[in-house]
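The values are calculated or read from the model by the stated rules, or taken from the named source; none is laboratory data. Just so it is clear, the structure is predicted and the values come from calculations on it, not from any experiment. Ideal geometry is used to build each Cβ from the backbone, glycine not excepted, and the neighbour counts take in all protein chains shown. The accessibility values were calculated without ligands, DNA or RNA, using every heavy atom of the protein model including side chains. Shrake-Rupley method; radii C 1.70, N 1.55, O 1.52, S 1.80 Å.
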Amino acid sequence: MNKTQPALEVKGLTMDFGGLRALDHIDLEVRQGEIVALIGPNGAGKTTFFNCITGIYEPTKGDMIIHPRGKEPVRLNRLKPNIVTEHGLARTFQNIRLFQKMTVLENVMVARHCRTKSGIAGAIFRTPKTRKEEAEMVEFSYGLLEKVGLAQYVNELAHELPYGAQRRLEIARAMATEPFLLLLDEPAAGMNPKETNELDKLITKLQVEDKLAILLIEHDMKLVMSISNRIYVMDYGSMIAQGTPHEIAENPNVIKAYLGEAFDA
Amino acid sequence: MDYFLELFLGGLTRGSIYALIALGYTMVYGIIELINFAHGEVYMIGAFTALIVASVLSLMGMSGFSLLILAGLIAVIYASAYGYTIEKVAYKPLRQAPRLSPLISAIGMSIFLQNYVLLSQTSDFLSFPALIEEFEFMEPVSHIMRSSELVIVLTTAVVTALLTLFIKFSRIGKAMRATAQDKTMAMLLGVNVNRVISVTFIIGSGLAAVGGVLISSHIGQINFYIGFIAGIKAFTAAVLGGIGSIPGAVLGGLVLGWTESFATGYVSSDYEDVFAFGLLVFILIFRPAGILGRTTSEKV
Amino acid sequence: MATQWKPLIEKITSELVKSLLVAAWFMFLTFPLMVIRVHPLERTIEWRWMNMIYVGVGSFFLSFIWRYLMERKDGGNSKEEGDTWQKRVGLRIRSDKRISLSGLIAIGIFIFIFPFIFSSYQTQIMITALMYVMLGLGLNIVVGLAGLLDLGYVAFYAVGAYCYALLNHHFGLSFWMALPLSGALAATFGILLGFPVLRLRGDYLAIVTLGFGEIIRLILENWNEFSFGPSGIAGISRPGFFGMELSLQEHTVYLYFIMIMLVVLTVLVVSRLRNSRIGRAWIALREDEVACQAMGIDKTKTKLTAFALGATWAGLVGCIFAAKTTFINPASFTFMESAMILSIVVLGGMGSIVGVILGAFVLILLPEYLRAFSEYRMLAFGAAMVIIMVFRPQGIITGIRQRYEFHRNTQKGKAR
Ligand SMILES: Nc1ncnc2c1ncn2[C@@H]1O[C@H](COP(=O)(O)OP(=O)(O)OP(=O)(O)O)[C@@H](O)[C@H]1O
Ligand SMILES: [Mg+2]
C-alpha cells in the first residue's frame, strides 16, 4: 500500500446553520493507512465536519472525495449516509448511538447489512444460502468483538454495557461495514487512563492489521500526540493549523486557541 | 359573485375555528414536540360543558349575552383544567421516554376521553342552543353572513392578537419562547419548565374551548366525535402554517378553511374531509416545514 | 415513643391529603359531564349525584396505586427484577425441551378439539380473536419492530376486504383465489402510500397514515359506483372446501382451522423475519435512525419493506373478514379499528410475538365474555394505552432477543 496516496480529500467545505457558519472553507486530507487527528476547542465544528462527510448533513459548499483502495474515487457530495458507508467510510458517534435494545453481537451484525444480501424470501424459507450467510455473519461479528475485547458480552443488551465497552462496541460496529477509512468521534471520552491505553493499542492495531486510514477527533492530547501521524486543528469553524504532532505542539496559534479556551472556562 | 362571497366567508369562519384549535397544537408542539392527539377531545369537552352549563342556566331563566359569556367562561375553565390534567397524567411521566411512547399515550388519552363523554353523556347528536343572537345591523347581509360568523371571526382575531402580545411581552410568555428554543438551556437559566408546559396546555385548551363553544352554537349540534375530525384538521392547519409558529397556525387555519369551502362549493361536497386530509398529506410530503416554518436539521 | 411514630404518621397524613386533593380535583373535573345530563329536546335535566361519589372514591384509591407505581418506576429496581424473572422463565422454557414440547402438544390438542367441544358461537368468537392475532402480528412488524407508528393500518384491512368482496361480486372469484390477491393488493397499496410518507419524521408519519386511513374509508363511503357506498356489499361467498356443500356450522369449523393454519404461518414468518438480516435492520431503525443509516442501511427501503409486509397481513385478514361475515361496509373500517389493533400491540409488548398473541386474546375475549364490560371496551383500551406507556412501555411481555453460544477457539456461533 502506498502511504502517499490520498484516502480522503476535502476542499473548501463550508456548512451554515441559518446564520451560524459552523465550517468555513475547510481543507483536509487523509492518506491511505494514515492516522490523522482533528482537534479543536468545544464547538469548533469537528463533529459537524464528520456529519458532512458521512452524508448526515448536506454541506453548503465544498468538495469531498474518497479514494477506496483499488477502485475509482467517489465524490461524497449529496450521497445518502448508507451509500457513503457502502463506499467504505465508517464512523462512530461522540454521544454513543448504539442500538440499545439489541444484543452486543446483533449490534455488530446489523452493520454487516450492506455487505450481505439475503432478503425477505430467504429469511422466511431459511434457504441454505441464507443460513450460510447468517453463520458467516455471526462468525465475522464475533471475530470483531474478540478483537475489541468484548467477546464475553455477546448476549448482553448494548445499554447494559459499561461506558468504555460501549465505546469499543461502536468501533466494532463501524468495523463490521469493512471500511478503508474509519472516522472516530472522541473515542476516549469518559474512559479512564487504563482504558485509554488499551484504546491506543486497538487503534494502532486497526491501522497495522487492517490497513485502515483513521481520522479521529479527540480531546485527550496524550492519546493524540502518541498515535497520530498528522494533526489538524480547528477553531470557530476554521482550520487554524496542521502538521506533525511535534509541529502542532510548538504552533503559537494552537497554543493561543487552547489557552484562550482555558481562560474562558 | 354572491356565491363566491358566501364560500369565502364560510371558509373564513371555518378557518377561524381551525386556527383557534391549531394554536393549541402549535404551542404544545413548539415546546415539547408532541402531537397532542387529545387536543381535539378537549375542544369537544369544552363544547359539551358549554352545552350543559347553558342548558342548566337557561332553565334557571338566564338568556342572551350573559348566558353566552358565562357558559363560555365555564367551558374555558373546564377545558383548561382538562388540558392541565391530561398533561400531568399522560405526558409528564414520559418526558424522557422514546418518542413513540408519549404519542401512543396521547392516542390512548384521546380514545379514553371520547368514550368517557360517550358513556357519561350520549352517542346521539345533541342540539346546541344558539347562544349567539342575530344582530339587527347584520340583517341586510344575512343571506351571505350570519351574526355568529361575524362573532367567530372577530373573536379569533382578538384572541390571536392577545395571545401574540402575551407571548411577546409577559414573563411567562418569554419563558415559553425560551423553552421552545432550548429546554435544557431554559432550565439552566432558571425557567421553571414544568410550569411553562402546564401554562401552555392551559392556554391551548382554553382556546380550543372558545372555538368549540362558538362553532357549536353556529352549527347547532354536537356529539362526542366532533373532536376527532376537528382535531386532525386543526393539526393540518398547524402543519400547513408551520408547526410551532403562532401566525402560522392562523394562516394555516384560514388556508385550510378556504380550501375546504371552495372545494366543497365548486367541486363536490361528498369529499369534504378528503380535501382536508389530502391537503395534509400533500403538505407533509412536499413542504413538511409548512408555509412559515423553517427547515431545521436534527443535531447529531 | 411518640417521636418514633411521628415520621410515619406524617407520611400517612401527607399521603391521605394528597389522595383527598386528587379525589376533589377529579370530582370537580368530572362534575358537569358525569353528574349532569341534559335532554335538550324535552328540556329536562337529570342529576346523577351518585356518579360524583363513585368518581371521588375511585380516584381516591387509584391515586394511591398511581403514586405507588410511580415510586416503583422511579426506583427502577423492581422492574428489572420482574424482567429478569421473565427472562429466566423464558430461557428455561426454551432450553428445556421437555417442558416446551409437552406444553406445545397440550396446546396443540386443545386447539384441535376446541371447535368440537365448544359451541359454534364460541368458535366464531375464537375466529375473531385469531383474526386480531394476525392483525396484531402484522402491525407488530410495522410498529413493534420497525418503530413506525401506523395509525391507518385499517386502510389495508379494508383494501383486502373490498378486494375479495368486489372480485367475488363481479367475477365470482373464490376465496382461495382472492386471498393471495388481497394480500398482494394491500402490499401494493402499502408501497404506493409508503413511498412518499416514509421519509417523514415519526410523529408526522402517524398523522399522515391516519389521514390516509380516513381518505380510503371516505372514498369507500362516497364512491357508490365502485364500492356500493355506505350500504356495502352483501352475499360474499364463504371459503369453498373442494366444491363440497357445507352447513353453516361446518363452515365455522372450517374457517376456524383456516385461521389456525394462517396464525401458525404468521408466527413462523414473523419469528423468522425477526431474527433475520431484514428484521435486525428494522429493529436498528427503530432504535436509532441516524446510526442505522450510518451503518449502511437504506432507511427508505427498509421502512418500505416493513410497511408493505405489515400491509400484506392486513390485506389477508381483510379477505378473511369478508368471507367470514359475508357482508362488508365502510363502517367496519374506522379509525377505532386501527386504534384497537394498535392497543393489542402496545398492551402485548411491542416486538414480542407471544405478547401480541396474549394482547389480542385479552382485548378481544375479555369484553366478549364479560358482557357488562363490553360497553367500556374502548374506554379501557384508551386508559390501558396510557397506563402501559407510563408504567410498562415494553408491554406485558418483553421481546427476547436471540442468544448465541460460542465455544472457545472454534468461534462457531450457534443460535438457540
Ligand atoms: N444541526 C445543527 N443545527 C444548528 N447548529 C448546529 C447543528 N449541529 C451543530 N451545530 C453548531 O455548530 C457548531 C459546531 O458544533 P460541533 O458539534 O461540530 O462542535 P465540536 O467541535 O464537535 O465540539 P465538541 O468538542 O464539543 O464535540 C456549534 O456551535 C453547534 O451548536
Ligand atoms: Mg463533537
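Values for this structure:
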{"item": "Most mobile of B:144, B:215, B:21 in a GNM of chain B (Cα contacts under 10 Å)", "result": "B:144"}
{"item": "Calculated diffusion of the stretch C:323-365, Stokes-Einstein form, Kirkwood radius summed over Cα pairs, 37 °C and 0.692 mPa s, µm²/s", "result": "290 µm²/s"}
{"item": "Fully extended contour minus Cα-Cα distance, from residue B:133 to residue B:269, at 0.36 nm per residue", "result": "46.1 nm"}
{"item": "Among C:48, C:286, C:401, residue whose mean-square fluctuation peaks in a GNM of chain C (springs only between Cα atoms under 10 Å)", "result": "C:48"}
{"item": "³J(HN,Hα), Karplus 6.51/-1.76/1.60, whole Hz, each residue of the stretch B:66-81, x for Gly, Pro", "result": "5, 4, 4, 5, 5, 4, x, 5, 5, 4, 5, 4, 5, 4, 4, 5"}
{"item": "D_trans [Stokes-Einstein, Kirkwood Rh over alpha-carbon pairs] for chain B, 10 °C, 1.306 mPa s, µm² s⁻¹", "result": "81 µm²/s"}
{"item": "Computed E for residue B:6/residue C:74 - FRET, C-beta separation, R0 51 angstrom, nearest 0.05", "result": "0.30"}
{"item": "Violating pairs (Cα-Cα greater than 29 angstrom) within the set C:6/C:73; A:11/B:299; B:92/B:174; A:132/A:194", "result": "A:132/A:194"}
{"item": "Estimated FRET transfer efficiency when R0 is 45 angstrom, pair residue A:244-residue A:63 (beta carbons, to 0.05)", "result": "0.95"}
{"item": "Rg/Rh (Cα only; Kirkwood hydrodynamic radius) as it applies to the stretch C:257-358", "result": "1.02"}
{"item": "Peptide C:206-219 - average C-beta neighbours from other chains (10 Å radius)", "result": "6"}
{"item": "Relative packing of peptides C:347-353, A:62-68 - highest average C-beta neighbours within 10 Å first", "result": "C:347-353, A:62-68"}
{"item": "HN-Hα J in Hz across the stretch C:288-305 - Karplus 6.51, -1.76, 1.60, θ = phi - 60°, x for Gly and Pro", "result": "6, 5, 5, 4, 4, 5, 5, 8, x, 9, 6, 4, 4, 4, 5, 4, 4, 5"}
{"item": "Karplus 3J(HN,Hα) series, Hz, for the stretch C:146-159 with 6.51 cos²θ - 1.76 cosθ + 1.60 (x for Gly, Pro)", "result": "8, x, 9, 7, 9, 9, x, 4, 4, 4, 6, 4, 5, 4"}
{"item": "Overall form of the stretch B:83-195 per C-alpha gyration tensor (a/c, 1.5; a/b vs b/c)", "result": "oblate"}
{"item": "For A:93-99, mean number of other protein chain Cβ atoms within 10 Å", "result": "5"}
{"item": "Rg over Rh, two decimals, the stretch B:179-238 (C-alpha only, Kirkwood Rh)", "result": "1.17"}
{"item": "Per-pair calculated FRET efficiency, R0 = 51 Å: residue C:3 and residue C:375 via Cβ, rounded to 0.05", "result": "0.45"}
{"item": "Inter-chain shielding of B:117-128 (mean C-beta neighbours from other protein chains, 10 Å cut-off)", "result": "3"}
{"item": "Shape call, chain C: gyration tensor on alpha carbons, a/c limit 1.5", "result": "oblate"}
{"item": "For chain C: relative contact order, % (alpha-carbon pairs under 8 angstrom, 6 or more apart)", "result": "22 percent"}
{"item": "Convex hull volume of the stretch C:10-74 per residue (C-alpha atoms, cubic angstrom)", "result": "79 Å³"}
{"item": "Segments C:389-399, C:5-15, C:32-42, B:156-166 sorted - mean Cβ within 10 Å per residue, highest first", "result": "C:389-399, C:32-42, B:156-166, C:5-15"}
{"item": "The stretch A:96-178: relative contact order as a whole-number percent, Cα under 8 Å and 6+ apart", "result": "51 percent"}
{"item": "Simple spin-label estimate for residue C:15 and residue C:39 in nanometres, 7 Å along Cα-Cβ", "result": "4.6 nm"}
{"item": "Accessible surface, per residue, of chain B when the full set of protein chains is kept, probe 1.4 Å, Å²", "result": "40 Å²"}
{"item": "Built amide H within the under 5 Å cut-off of residue A:214, gap 5+", "result": "A:34, A:35, A:36, A:182"}
{"item": "From the C-alpha gyration tensor of the protein assembly as shown, square roots of 5λ in Å", "result": "50, 38, 29"}
{"item": "Chain A - percent relative contact order, Cα under 8 Å, separation 6 or more", "result": "26 percent"}
{"item": "Distant-in-sequence amide H partners of residue A:14 (H built 1.01 Å from N, under 5 Å)", "result": "A:25, A:26, A:60, A:61, A:62"}
{"item": "Sorted peptide list for A:109-117, B:11-19, C:154-162, criterion being average Cβ within 10 angstrom, highest first", "result": "C:154-162, B:11-19, A:109-117"}
{"item": "Most mobile of C:183, C:240, C:359 in a GNM of chain C (Cα contacts under 10 Å)", "result": "C:240"}
